[in-house]
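Scroll down for the structure; my scribbles are underneath it.
The values are calculated or read from the model by the stated rules, or taken from the named source; none is laboratory data. What you see is a predicted model, and the numbers here were worked out from it, not measured in a lab. We place every Cβ from the backbone using ideal geometry, glycine too, and count neighbours over all the protein chains shown.
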Amino acid sequence: MTSNSTRPRRARRSDAGADRLQRLTEARDRLDAEQAERRKREDAALADYAAAAGEADAVITRRDAALADLDRQRQAVRDDAAAALAALEQRQTTVLAELHALGRRAEDLAALFDLPVKRVRALLREHRGRAATSGNAAPTAAVATAPVASAPVLESAPPASVAG
């Protein structure tokens, strides 16, 4: 037998207390709803940002691939040009060697082609070295006796004592 007097009595809420509780609950619910709406907007903004970041990564990847391709093309153009220029220089060196074999001095060739004498001598040495390593020493001698139609031949000036 227990008596109710030992238990504390629960206080009844007054109407004013119930109204206050209802207002507080409604305010909390309103704040929660605003927070949920803000959270949805934040989630949408984050999704938009992530999509833009992914697109930016794709643009960077395409850019880098295009630049790498352009670098390869640029290098190929440089290599092709270097090979073409080397072939043309070899042709020029061959003409210089032919003219030299026909009796033109390095100084005359330098003046004729507007090249430094050192460059002409270096090209002639290079041609002789190439001819010696390839075993083409005989064709160079044969070229010396053959006329060169494409190369201009300058007449050497008569010696000062003859020009009287």
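Residue by residue, here is whether (1) of a type in the set (K, R); (2) within 27 Å of F113 (Cβ to Cβ); (3) exposed (fewer than 10 other Cβ atoms within 10 Å of the Cβ) holds:
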site: I60; (1), (2), (3): no, no, no
site: R74; (1), (2), (3): yes, no, no
site: R78; (1), (2), (3): yes, yes, no
site: A83; (1), (2), (3): no, yes, no
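Which one is surrounded by the fewest Cβ atoms within 10 Å (Cβ to Cβ), of the residues in the range 121-132 that are within 12 Å of L96 (Cα to Cα) and of a type outside the set (G, A, S)? Give the steps one after another, and end with the answer.
Going through the range 121-132, the residues within 12 Å of L96 (Cα to Cα) turn out to be 121-128.
From the residues that got through so far, the ones that are of a type outside the set (G, A, S) too are 121, 123-128.
On the way: R121: 17, L123: 23, L124: 18, R125: 11, E126: 15, H127: 21, R128: 14.
Among those that are within 12 Å of L96 (Cα to Cα) and of a type outside the set (G, A, S), it is R125.
Here is a check on your reading of the model: is E98 modelled with pLDDT under 95, assigned to a helix (DSSP H, G or I) and either among the hydroxyl-bearing types (S, T, Y) or surrounded by 14 or more Cβ atoms within 10 Å (Cβ to Cβ) (or both)?
So E98 fails the test.
Quick one: in the range 108-120, of everything that is over 14 Å from Q90 (Cα atoms) and in contact with a helix residue (DSSP H, G or I) (Cβ under 6 Å, 6 or more places away or on another chain), which residue is surrounded by the fewest Cβ atoms within 10 Å (Cβ to Cβ)? Let's see the steps before the verdict.
Filtering the range 108-120 down to residues over 14 Å from Q90 (Cα atoms) leaves 108-118.
Adding the requirement that they be in contact with a helix residue (DSSP H, G or I) (Cβ under 6 Å, 6 or more places away or on another chain) leaves 109-110, 117.
Working: L109: 22, A110: 18, V117: 14.
It comes out as V117.
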